[in-house]
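Working notes, beginning with the structure itself.
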Amino acid sequence: MKYWLQCLGLAAIIALINYYTVPVPVIEQLVKPLFSFGLAMVLGIRFPDVDLFTPGLKHRSAITHSLLLPWLLTLTGYPSVVAGLAMGMAIHILADVFPKAWIGGALVKMPLFGSLGKLSPFWLMANFLGCLVLALHTISIQGDWIQFGSFAMAITATLWYMIRKEKSLPPLLTALMIVSVLVWNHYSPDISSFNLKTLTATASWNKSSSS
């Protein structure tokens, strides 16, 4: 019950922040979205484990370890909340992809159907990617400062969760690899023109100039 109350308390704070309008542009356009993202990300990290305290659900439930809740929240029209929740759940689910062994509590349980067995890692990986894509897409449609702040909080939360909470190296390395690829994809220079023909022409020009 205490765990559920903590999650509901976070949800209530997020709702109140977005319900009231403050007639200050910087608060409405920057402070409120970043606060919403941060709190929603904390909620997203914690939410999957509510199955431990919910009658009728077994640990690592397919309902709480899925894209379902963030996807439903896209209907609310609060992109920072959606992005934060999806990012937090992506962080949590990624850590769950690397259990000590795929037995017992590590397996995903589908209501009415039972354990997914050997399909559990595929379920978790698919929903991790779904949450991550949703989070990144929702962040990308917002302002530059919100994007920067959201990414900074997401990286900090990932490092904290993997090192301090999970104490697990594989998910941390995986997260860092994914972040590196995303950063490269976002900021990489245009290298499409650097083909063999261009390099050959440049070399010939340099040779003729020197002679």
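The values are calculated or read from the model by the stated rules, or taken from the named source; none is laboratory data. Note that the coordinates shown come from a computational prediction; the quantities given were computed from them, not determined experimentally. So basically every Cβ, Gly included, is an ideal-geometry build from the backbone, and we count neighbours across all protein chains shown. These area figures cover heavy atoms from the full protein model, side chains too; ligands, DNA and RNA do not enter into them. Shrake-Rupley method; radii C 1.70, N 1.55, O 1.52, S 1.80 Å.
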Out of LEU136, LEU169, LEU107, LEU159, report the one residue that is open to solvent by 20 Å² or more (accessible area, probe 1.4 Å) and touching a strand residue (DSSP E or B) at 6+ places or on another chain (Cβ under 8 Å).
LEU107
Go through the residues of the range 49-66 one by one and say whether even a single one is among the β-branched types (Val, Ile, Thr), surrounded by 16 or more Cβ atoms within 10 Å (Cβ to Cβ) and part of a helix (DSSP H, G or I).
yes
Please work out which one of (1) in contact (Cβ under 8 Å) with a residue 24 or more places away in the chain; (2) open to solvent by 30 Å² or more (accessible area, probe 1.4 Å); (3) farther than 23 Å from THR174 by Cβ; (4) part of a helix (DSSP H, G or I) is the condition ARG46 fails and give its number.
(3)
I need the full set of residues from the range 92-125 which are in a helix (DSSP H, G or I) and at positive phi, in order please.
GLY104, GLY117
